[in-house]
Amino acid sequence: MFDYKAAFGNAVDQVRAEGRYRVFADLKRVRGQFPRAVWRRDDGTEQDVVVWCSNDYLGMGQHPEVLTAMQAEIDSVGAGAGGTRNISGTTRSAVDLEAELAAWHHKEAALLFTSGYVANEATLTTLQRIMPGLIIFSDSLNHASMIAGIRNGGCERHIYQHNDLEHLEALLAAAPADAPKLIAFESVYSMDGDIADLAGTIALAKKYGALTYLDEVHAVGLYGDAGAGIAERDGVLDQIDIIECTLGKAIGVMGGYIAADALIIDAVRSWAAGFIFTTSLPPALTAGALASVRHLKAHPELRAAHQARAQALKERFLAAGIPVMPSESHIVPVHVGNPVHCKMISDMLLEEHGIYVQPINYPTVPKGTERLRFTPSPNHDDGMMDALVTAMDKLWTHCNVARLPAVA
Ligand code: PMP
């Protein structure tokens, strides 16, 4: 008979052999104390830590307005949504949140999903069913959820080199002029922190008759006067056809959505299995996200403080010769260049300095570019930054990792 134990064992062994076996840090966030948390070791002992790799970029997951809205919703409405959107699960706060999100992105409509992953996977699969013969052009660094959606639909697809519009144009030009086409890309790329050329991509889409699908997961709440993302910052909100986002990062809660013309939303709503056949988000989550979005819209100073922190951290690292990679955004990637040192530095930061930053190794990033990815927030104070830079400086010497030439 089939050896099930061996199959599972082999699966784990393979991941270990490839150096991809993941160990999760067990963290308890502390209400009102972001970015502080309590880390529990395997032996059950605990240590206070400062988290430097949270995607709750602005600490909204701890914001009093968000927590109050969530608690009030639980008190007045209860816990679960009670069903799929179609069958009794269309809650008041979900409807209000969709309206708020649509207005934020200057779109006619928005549609909520269980997560950003599901929004990408379900929408990209569904667009292929709605438009048979669709050809998708996908940036080579697109997130796994976009890749999954593109693959699941089985359409013809072309991967263009990351942020390389010349390559994209060559691929577009080679496709039949009358075929439906879609360019799928991100605004802020999460591991390098670089930002796509939205206007250039839109110009190509217009020239070759393609739709644009933009993942703003690492930009929403953080860029643009009202925080609607890079498309707002660059003044092109009305020219992106479908914007996809998460409620789980800068918004601080959980869930995902797309925003687009009402007709596009109506079609996706009617066809996407990942939207139709699943229980909708708990009302407390959508109420919390609604409070968060309203707060983010009204508080551009949060975005300014966030950018200032990121800039200050980059400068502090560079002054110490710590090799910050050339990020154009709030993401501060530091190049280590090998998986062993990357993990060692991360472990020592946690155990010896109470600083938590996850190592980013292959296959999340290419071999030889292993890195630590820091995400400073407005809540990281000067003392935390001093402690981080001092610890990094010490560990860089301890592990003999390359510094920047100017300082070495
Ligand atoms: N897109 C990108 C670019 C992401 O980084 C992520 C999450 N890491 C997602 C989509 C998925 O979002 P969520 O976490 O809400 O599922």
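Bear in mind these aren't lab numbers, they're just calculated from the coordinates by the rules spelled out. Please read all numbers here as calculations on a predicted model, not as lab measurements. As a convention, Cβ positions derive from the backbone with ideal geometry for all residues, glycine included, and neighbour counts pool all protein chains shown.
By the rule of a C-alpha distance below 20 Å, with chain neighbours fewer than 8 residues away ignored, the aspartates and glutamates paired with LYS367 are ASP13, GLU18, ASP139, ASP192, ASP194, ASP347. For a paramagnetic label modelled on TYR362 (point 7 Å from Cα along Cα→Cβ), amide N atoms under 19 Å away belong, within segment 176-212, to 191-192.
Note on segment 1-137: Kirkwood hydrodynamic radius from all Cα pairs is 20.1 Å, rounded to one decimal.
With kT/(6 pi eta Rh) evaluated at 20 °C and eta = 1.002 mPa s, and Rh the Kirkwood radius from Cα pairs, the chain diffuses with a coefficient of 95 µm²/s according to Stokes-Einstein. Projection of the Cα convex hull of segment 214-274, averaged over all directions and equal to a quarter of that hull's surface, yields 4.3 nm². Note on PHE277 and GLU156: the extension gain reaches 40.9 nm, defined as 0.36 nm multiplied by sequence separation minus the Cα-Cα distance. Note on segment 357-408: with charges restricted to the Cβ of Lys and Arg (+1) and Asp and Glu (-1), its dipole about the Cα centre is near 340 debye.
Gain on full extension, evaluated as 0.36 nm per residue between LYS207 and GLN14 minus their Cα-Cα distance, stands at 64.9 nm.
Taking label points 7 Å from Cα along the Cα-to-Cβ direction, VAL340 and GLU108 give a separation of 6.0 nm.
Projecting the Cα atoms of SER377, HIS353, ILE240 onto the charge dipole of the chain, computed from C-beta unit charges around the Cα centre, puts HIS353 farthest toward the positive end. Can you pull the one-decimal nm distance between simple spin-label points at ARG31 and MET1, each 7 Å off the Cα toward Cβ? Simple spin-label model gives 5.0 nm for this pair. In straight-distance terms, cross-link reach from LYS107 covers every one of the lysines whose alpha-carbon lies under 30 Å from its own, apart from those fewer than eight places away in the same chain; here that gives LYS181, LYS206, LYS207, LYS249, LYS297. Using helices alone, I'd like the mean residue ellipticity at 222 nm for the chain: each DSSP H run of four-plus residues gives -39500 (n - 2.57), total over residue count, nearest 500. It lands at -13500 deg cm²/dmol.
Calculated from the alpha-carbon coordinates, segment 63-298 shows an Rg and a Dmax of 17.3, 58 Å respectively. Calculated FRET efficiency, VAL38 to ALA402, Cβ-Cβ distance, R0 = 41 Å: about 0.75 to the nearest 0.05. Dividing the mean sequence gap of close Cα pairs (under 8 Å, 6+ apart) by how many residues the chain holds gives a relative contact order of 20 percent. The HN-Hα couplings worked out from phi for segment 156-172 by the Karplus form 6.51 cos²θ - 1.76 cosθ + 1.60 (θ = phi - 60°) are 5, 9, 10, 9, 9, 4, 3, 6, 9, 6, 5, 5, 4, 5, 4, 5, 5 Hz, whole numbers, x standing for Gly and Pro. For the charge dipole of segment 63-298, defined by +1 on Lys and Arg C-beta atoms and -1 on Asp and Glu C-beta atoms about the Cα centroid, which residue among ALA177, LEU112, THR278 has the Cα displaced farthest towards the positive pole? Final value for the positive-end residue is THR278. Between ILE183 and PHE137, LEU211, THR212, TYR213, the built amide H atoms are under 5 Å apart, and every one of these is 5 or more places off in sequence or on another chain. Summarising the amide proton neighbourhood of SER54: residues at separation of 5 or more, or on other chains, whose placed amide H is nearer than 5 Å comprise THR375. Residues whose amide H falls under 5 Å from that of ASP26, counting only those 5 or more places apart or on a different chain, are ARG40, with hydrogens built in the peptide plane. In this structure, ARG129 and ASP238 have a Cβ-Cβ separation that, at R0 = 25 Å, corresponds to a calculated FRET efficiency of about 0.40. Using bins of 10 Å that start at zero, the share of Cα-Cα pairs per bin across segment 185-314 amounts to 11, 38, 36, 13, 1, in whole %. Within segment 383-405, list the residues whose amide N lies under 20 Å from a label point set 7 Å along Cα→Cβ of VAL23. Zone members listed by number: 392, 395-396, 398-400. About its Cα centre, the dipole of segment 93-145 is roughly 220 debye, where the only charges are +1 on Lys and Arg Cβ and -1 on Asp and Glu Cβ. When DSSP beta bridges are restricted to pairs lying wholly in the chain, around 55% turn out antiparallel. Extension gain for ASP178 to LEU318 (0.36 nm times residue separation, less C-alpha to C-alpha distance): 45.4 nm. Summarising the label geometry, the points placed 7 Å from Cα in the beta-carbon direction at HIS299 and GLN311 lie 2.1 nm from one another. In debye, nearest 20, what is the charge dipole magnitude of the chain about its Cα centre with +1 on Lys and Arg Cβ and -1 on Asp and Glu Cβ, if you could check? The dipole of the chain has a size of about 600 debye. The 3J(HN,Hα) values that the Karplus relation (6.51, -1.76, 1.60; θ = phi - 60°) gives for segment 23-39 are, in residue order, 10, 9, 7, 7, 10, 10, 6, 10, 3, x, 10, 3, x, 7, 8, 10, 9 Hz. Gly and Pro appear as x.
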